[in-house]
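Each remark here refers to the structure printed beneath this line.
The values are calculated or read from the model by the stated rules, or taken from the named source; none is laboratory data. Note that the structure is a prediction, hence the values are computed from the model and not measured. Heads up, the Cβs are rebuilt from the backbone with ideal geometry, glycines too, and the neighbour counts pull from every protein chain shown. Only protein heavy atoms, including side chains, enter the accessible area calculation; ligands, DNA and RNA are left aside. Shrake-Rupley method; radii C 1.70, N 1.55, O 1.52, S 1.80 Å.
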Amino acid sequence: MSDRRPAPAPPEPLFPLIDAHTHLDACGATDAESVAALLDRAEAVGVREVVTVADDLDAARFTVRAAHWDRRVYAAVALHPTRANVLDEAAKAELEQLAADPRVVAVGETGLDYYWPGKLEGCAGIEDQVEGFRWHIDLAKRLRKPLMIHNREADHDLLAVLLDEGAPETVIFHCFSSDSNMALACVEEGYVLSFSGTVSFKNAHELREAAKLVPNEQILVETDAPFLTPHPFRGAPNESYMLPYTLRALAELREQDPLELAKITTANARRVYGI
């Protein structure tokens, strides 16, 4: 994301939609008023609800507050895998308390990220990430809530940990970014795959092929805002109101009617998250 490009114009409305994964705090929301403003912009183009997601403890606290401020907002809480090295007993206790809140609809985003270790100062190593992932899996199962996964360059190990631990009833691969083989492996296990603006990138050949293979009942759509702004707006700020751009790109790729795919992904989000 860059501030050098202006915010894109709102897309043509597309009803109904649910943004399955966004970060309202990173989009600039700080209080009930700014959360409402973001949701008003989204609702004007058909995005009626959003799931705002935490990646650290401060964000986890914010997501729960935001979900209580505005009925259009739901929360997901966890420590991002790159922050798994701060998952001490106090953090676990607070996350467990936050995740039990009725406005929290998933444990996430958690998982494995093999891209950042060695590149990002303070990034959790692989061993800490795996240990943290196992703890979040257990938490999701104990709370009977969906597990929302972040996966970057860790396909094999991530599936192995899920198999070893025993996956929760519902597993969501947020911002799916792998190839067709991984997509088929996830589909076979019954996992749900959520697609972001990256599916509109013309150079994302393997991802775009993978998106064609996902059954209707296992697909979601998200912004991951403020990141991953869809084509042709790469470099501009992303926000939940941009979701129709991604949905239409995904529908074109899958040779589906956008309105029909909007209905499918919305029904899936309601079922998966229980909203």
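Quick notes
- If you go through region 118-140 and keep only what is more than 19 Å from Asp88 (Cβ to Cβ) and touching a residue at least 24 places away in the same chain (Cβ under 8 Å), you end up with Leu120, Ala140.
- Qualifying positions in region 176-197 - open to solvent by less than 20 Å² (accessible area, probe 1.4 Å) and closer than 23 Å to Thr22 by Cβ: Phe176, Ser178, Ala183, Cys186, Tyr191, Val192, Leu193, Ser194, Phe195, Ser196, Gly197
- Residue count, region 12-31 (criterion: over 17 Å from the mean Cα position of the chain (by Cα) and closer than 18 Å to Ala54 by Cβ): 4
- Search result, residues across region 160-173 that are outside any helix (DSSP H, G or I) and aliphatic (A, V, I, L, M): Ala167, Val171, Ile172
- Residue list for region 9-44, filter: open to solvent by less than 50 Å² (accessible area, probe 1.4 Å), assigned to a loop (DSSP other than H, G, I, E, B) and either under 19 Å from Ala267 (Cβ atoms) or at pLDDT below 95 (or both): Leu14, Pro16
- If you go through region 250-263 and keep only what is out of contact with any Gly (no Cβ under 8 Å at 6 or more places or on another chain) and either under 23 Å from Asp40 (Cα atoms) or open to solvent by less than 20 Å² (accessible area, probe 1.4 Å) (or both), you end up with Leu250, Ala251, Pro258, Leu259, Leu261, Lys263.
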